[in-house]
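See structure below.
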Amino acid sequence: SRFSRGLSRELLEGLPEFKNIWIPRTGAEIGLPFWDLKIRAGYAYIPSFTANQSGISNYLDNGKHLLSFGFGKIFGSVPRLNSRVKIDAAFQWQYWVTRETVKSVQDILTDGTYQPGYFYGGNLFLGHVSVTTYL
């Protein structure tokens, strides 16, 4: 990472230990010619690029499973537009794998107590629709 945190933070925290990741992904599109419809689906797994956070830093990241589904349809000449219209819709579900952070150092910046550990993860849902005309 080229991110600079400043000398004082680097001395207190050490290096963040980010790692390079490989992102496997796959996708497919099937055309149904009798309806002029395209159906699409895909999957990807994005592993976390951060090491376990046991010090005073909080670089939070989860492994993520991404599932997507979509379709596209072209309509012939639409009367009032006198052109073809294409409608595409896409939906994605991201499952952020639950991860636990356990702090093992005292917080020297405040009263010396240990920082609490915590769990984080969740779900993210995305959707998109587009309409295109060909004049």
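Numbers at a glance
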| quantity | calculated |
| --- | --- |
| Segment 16-69: trypsin sites (Lys or Arg not before Pro) in DSSP loop, at most 15 other beta carbons within 10 Å | Lys19 |
| Exposure of Tyr43 as accessible area (Å², to 10), given a probe of 1.4 Å and all protein chains | 90 |
| Net length gained if the chain between Leu67 and Ala28 were fully extended (0.36 nm per residue, minus Cα distance) | 12.8 nm |
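The values are calculated or read from the model by the stated rules, or taken from the named source; none is laboratory data. Please read these numbers as outputs of a predicted model, since none were measured by experiment. Cβ coordinates were reconstructed from backbone atoms using ideal geometry, including for glycine residues, and neighbour counts include every protein chain displayed. Note: areas computed on protein heavy atoms with side chains; ligands, DNA, RNA excluded. Shrake-Rupley method; radii C 1.70, N 1.55, O 1.52, S 1.80 Å.
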